[in-house]
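Heads up: the structure comes next, in structure tokens.
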Amino acid sequence: MTRVLDAGLRLAAFLYLVFQFLIVGLALLPAALMIRIFWNLGSIPLLALALGLGYLVFGITYLLLVIAIKHLVFFRSREGVYPFMSAYALQWAFVGSLVNLAKLVILSHLKGMPILNTFYRAMGARIGRNVLINTCNLFDFDVLEIGDDAFIGGDAVVIGHAGEAGRLHIRPVRIGPRCTVGQSSIVFPGATMEERSVLGALSLLPKGRTLPAGTVWGGNPLRQLDGAKRAHDEPPAFVAEATD
């Protein structure tokens, strides 16, 4: 029975791989049609330009297909605990794998651009105004909230899920207005950054942890930075001089 189940899972994985690359082929269709038009013109410079533009058309088309598929399968990240072998976890893995391929295809080229925010919003994330996202390592969009004027640094990871004891745990992540997530830092499920809080570069914000408003933190394990603590606790120098 175990061998039959194992063989069935391997077959399902292979069939999904075939489906995934059929989606890639479908996304290539508009670009291929455009390139064919320029090919028929017989101009090498125009064909070269068409190849470059065709890649962009392919990437945008793939993103539109990912958005459409997410809504067609009625998937939405929801806070909770789910067995790995459940319909919900399979939907989560299915949509997540399409997004992971999108990172390789196009998202890594869109870091820091408004179109990246548009894609995340279309996938369910709540992203405020004037938010700069310099990473494509965002996950579990429906439970992700980023406030106005926030900054997410290069290659930072913001993740709303964790696998524990054979179960998928999904918890919301909230990054408040004017917050900063430093380069290559990680924000784990259930974490909250209150307004104007800062997570330094190469730091880890653990599961369920809250950074108070206006404070600066860094490191792994996480600690409040001394300079930030003094700035928070002590009055500015010009205030101290005025009161002497």
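Data for the structure
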| quantity | calculated |
| --- | --- |
| Region 182-207, residues that are more than 21 Å from Glu164 (Cα to Cα) and part of a loop (DSSP other than H, G, I, E, B) | Gly182, Gln183, Ser184, Ser185, Glu194, Glu195, Arg196, Ser197, Gly200, Ala201, Leu202, Ser203 |
| Where a residue in region 203-217 is assigned by TED's automatic domain parsing to the domain that holds Val173 and its partner, wherever it lies, is surrounded by 18 or more Cβ atoms within 10 Å (Cβ to Cβ) and of a type in the set (Lys, Arg), with Cβ under 6 Å and at least six apart | Ala213/Arg196; Gly214/Arg196 |
| Residue in region 125-147 that is more than 27 Å from Gly59 (Cα to Cα) and assigned by TED's automatic domain parsing to the domain that holds Trp92 present | yes |
| Of all residues making up region 149-163, the number that are touching a strand residue (DSSP E or B) at 6+ places or on another chain (Cβ under 9 Å) and in a loop (DSSP other than H, G, I, E, B) | 7 |
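The values are calculated or read from the model by the stated rules, or taken from the named source; none is laboratory data. Remember, predicted model here, so these are calculated numbers, not experimental data. With ideal geometry, Cβ positions are generated from the backbone for all residues, glycine too; neighbour counts draw on all protein chains shown.
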